[in-house]
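Scroll down for the structure; my scribbles are underneath it.
The values are calculated or read from the model by the stated rules, or taken from the named source; none is laboratory data. Just so it is clear, the structure is predicted and the values come from calculations on it, not from any experiment. Every residue, glycine as well, gets a Cβ built from its backbone with ideal geometry; the counts of neighbours run over all protein chains shown.
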């Protein structure tokens, strides 16, 4: 998703300003929630058929919100020393078992969460 | 954050089941909001001093929530053809200008959002 | 929305258990965010045309989520001694000016937030 | 919480502008999520000891966010014909059984959600 080099720059940005003190798992989780709210705000009242139009009109803004989410996730993963790659693999494996292709293909009923 | 290989597996997981139909920028944004809520739920009522304890007790659960967020972000970025690396760089540049080190170092007043 | 009598019972429930200590404006705001996430989860992946079906199928669950939101709001308003009635009036006045009927009627462009 | 008279004014505000078309259980739930995010944003990075200070400094803004939440809840409850009073009573009864006073008093372990 983002390069190791960019991740190092993000960590340096934070330490240069002595801002690690404001980041705990909790404050980062709150911030992720706030940013997710800002992302969904772009699609708040619009009908589903207008989603693509909003996407093309607001690409830069959406990219900016997504950047915020990615940055916060980067700090969270780093600070808790999480193995994100491993956690995603585990989740993928779990979902592959939960939703075998033959039973799940195209089915709205089976589609709960990914 | 996650490897190109893992991203391809995530995309294949979705297409194998013909589930792209359920993913729009909007539904993915909603899902990101839901997952962020699940992450913060772990820290809901606990005092700040207990955050580290919760983190060590629930590492696997937290990793799982973060995996969900990373997966959704992966789909969002892919589907909207966003340049995530570029968007994060832009955000970093913007923040470096907004918060020059000499003015921002250690200051809670200047610390609004990252 | 909810009666003064019910509000008193909610406050008594909390004080009987000596649980005010867990409620700050912040923890209550976090909880509101978590509960809002649980509400939207019911509508996460479904197409707009299926919303009514979900509503009729899950009325009790939805009522339960809404109850959680109303309870948290009750504590928040009480603890901060907010004049909710007055704040809603002010917001209504503001919106009536922002969106005069002749300019706003039926218009998606004008409809941002309520 | 808010008077029947004010609720009627809120409903009239919406119908005068022919805006019911933008409100479904889903869009209202999304909006509640967005507003909850805006509320928690006020407390995002601040340490717990500064919460009271933020509350006294930003009373009007906080009242405004809470008003938004109350307004959306009002529409949601009205549109789904929910018995909010009844749902809150049920939730209170459930919690009174789940958390008997003698076992729950002052206990952080028992305090999960209210």
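Here is a yes/no grid of residues against (1) more than 13 Å from residue D:72 (Cβ to Cβ); (2) surrounded by fewer than 20 Cβ atoms within 10 Å (Cβ to Cβ); (3) modelled with pLDDT of 95 or more; (4) touching a helix residue (DSSP H, G or I) at 6+ places or on another chain (Cβ under 8 Å):
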site	(1), (2), (3), (4)
D:3	yes, yes, no, yes
D:7	no, yes, yes, yes
D:12	yes, yes, yes, no
D:15	yes, yes, yes, no
D:18	yes, yes, no, no
D:21	yes, yes, no, no
D:25	no, no, yes, yes
D:32	no, no, yes, yes
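Only one of these conditions is not met by residue B:86: (1) more than 7 Å from every other protein chain (Cβ to nearest Cβ); (2) not in a helix (DSSP H, G or I). Which number is it?
Of the numbered conditions (1) more than 7 Å from every other protein chain (Cβ to nearest Cβ); (2) not in a helix (DSSP H, G or I), the odd one out for residue B:86 is (2).
Identify, by number, the condition in (1) within 7 Å of another protein chain (Cβ to nearest Cβ); (2) outside any helix (DSSP H, G or I); (3) modelled with pLDDT under 95; (4) under 20 Å from the mean Cα position of the chain (by Cα) that residue B:51 doesn't meet.
Among (1) within 7 Å of another protein chain (Cβ to nearest Cβ); (2) outside any helix (DSSP H, G or I); (3) modelled with pLDDT under 95; (4) under 20 Å from the mean Cα position of the chain (by Cα), the lone unmet condition for residue B:51 is (2).
When you scan the range B:70-83, how many residues do you find that are more than 7 Å from chain A (Cβ to nearest Cβ), without any contact (Cβ under 8 Å) to a residue 24 or more places away in the chain and part of a helix (DSSP H, G or I)?
Of the residues in that region, 0 qualify.
Is the range D:6-18 home to any residue that is outside any helix (DSSP H, G or I) and either over 30 Å from residue A:19 (Cβ atoms) or within 13 Å of chain A (Cβ to nearest Cβ) (or both)?
There is at least one residue in the range D:6-18 that is outside any helix (DSSP H, G or I) and either over 30 Å from residue A:19 (Cβ atoms) or within 13 Å of chain A (Cβ to nearest Cβ) (or both).
Need the failing condition index for residue D:6 against (1) within 16 Å of the chain's Cα centre (by Cα); (2) without any contact (Cβ under 8 Å) to a residue 12 or more places away in the chain; (3) farther than 20 Å from residue A:36 by Cβ, just the number.
(1)
If residue D:43 satisfies all but one of (1) part of a helix (DSSP H, G or I); (2) more than 28 Å from residue C:49 (Cβ to Cβ); (3) touching a helix residue (DSSP H, G or I) at 6+ places or on another chain (Cβ under 6 Å), what's the number of the condition it fails?
All conditions are met except number (1).
Given the options C:29, C:67, name the one that is in contact (Cβ under 8 Å) with a residue 24 or more places away in the chain, under 26 Å from residue A:30 (Cα atoms) and at the interface with another protein chain (Cβ under 7 Å from one of its Cβ atoms).
Unique residue meeting the criteria: C:29.
Taking the conditions exactly as written (surrounded by 14 or more Cβ atoms within 10 Å (Cβ to Cβ) and more than 21 Å from residue D:76 (Cα to Cα)), does residue C:62 satisfy them or not?
When the stated conditions are applied, residue C:62 does not pass them.
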